[in-house]
Amino acid sequence: MDAIFQEQVLRPDFPFSAEIQTESRQFYHWHDEFEILLVQEGSVLVMIPGREYRLKADDLLMIGSGEVHCLTPEPGAKWLSVRFAPKMVQPGLFENGTEANKLPVVLQDGARCSCQWDEQTAVGFRQLVGKLADEAFGMSPGWQLAVRGGLFELAVQLLRRLPVGDEQLIRRGSRDLSLKKTLSFLAENYTRDISLKECADAVGFNMNYFSRFFRSHTGIHFHQYLTTLRLRKAQQLLLTGLTVTEVVNRSGFQNAKTFNRVFKNTFGCSPREFRKSAAGKRL
């Protein structure tokens, strides 16, 4: 489901993946794995609550475990996504008293984007990430050992080269939990007529404060987000063979007239034209 926790889809015995991506299939989401993005072509806007990064070719970005984020690529953009579970840099790491306990903090509070680093550091990290991807793509004998060794080297370089920021982690952690609760509530209830006040009440916030909170963390207003979430779901449903009326009912729009107008204003084509075009691309 869009905008909520993304279940792990990596192999449980070796939770690591490297893949080339060309489009965003999620809205706001989060997952337990760390993720590293390396843009190869074009530009990708990455939104992390309260921050945004516009990445261009050769830019690299670290995303921490459990962080809410959203990718919005420009047409023609292409990037490498490397994801791995925290346990891939175990045993011993992340346990109480170990130095690597700092790794999640570095990812979340350090200078996480290569555009903030000196050129030598940026080149070093790009090479490390590139080697990880090459091993995963090639799958030569011993590739899993090579990947695990590369991840340990990556962890060492993160701890040595990226300074830990001085944000108030406890306070920010509370904000992140509130945002996740909000996004989960919307993902579970977007098919019905929900209001800003109802969502604010569900999170336990005053309505006016919640409106400002939502805008500052997602970059858009509450109703814009809700409409976009419904449109993304409608796009998925249009490819399943359901009638437009059924799509309207299942995606949370009040009526077909509103749905058709909003869909065309957003995507430049009617729902039926979108379905026909998508079907043609699959042939």
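Some notes on this structure:
- Hits in the range 176-199 - residues which are assigned to a loop (DSSP other than H, G, I, E, B) and either among the small types (Gly, Ala, Ser) or closer than 18 Å to residue 29 by Cα (or both): 190, 195
For every residue, the table says whether it meets (1) at pLDDT 85 or above; (2) part of a loop (DSSP other than H, G, I, E, B); (3) buried (at least 20 other Cβ atoms within 10 Å of the Cβ); (4) of a type in the set (Ser, Thr, Tyr).
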| residue | (1), (2), (3), (4) |
| --- | --- |
| 27 | no, yes, yes, no |
| 75 | yes, yes, no, no |
| 79 | yes, no, yes, no |
| 83 | yes, no, yes, no |
| 105 | no, no, no, no |
| 122 | yes, no, no, no |
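- Near pairs, Cβ below 7 angstrom, 6+ apart or cross-chain, from the range 236-259 (free of Cβ contacts under 8 Å to residues at least 24 places away in the same chain) to any residue that is crowded, with 18+ Cβ neighbours inside 10 Å and of a type in the set (D, E, K, R): 253/230
- Listed conditions (1) modelled with pLDDT of 85 or more; (2) in contact with a helix residue (DSSP H, G or I) (Cβ under 9 Å, 6 or more places away or on another chain); (3) surrounded by fewer than 16 Cβ atoms within 10 Å (Cβ to Cβ) are all met by residue 99, apart from (1).
The values are calculated or read from the model by the stated rules, or taken from the named source; none is laboratory data. Quick caveat, the model's predicted, so the values are computed rather than measured. Note that each Cβ is placed from the backbone with ideal geometry, even for glycine, and that neighbours are counted across all protein chains shown.
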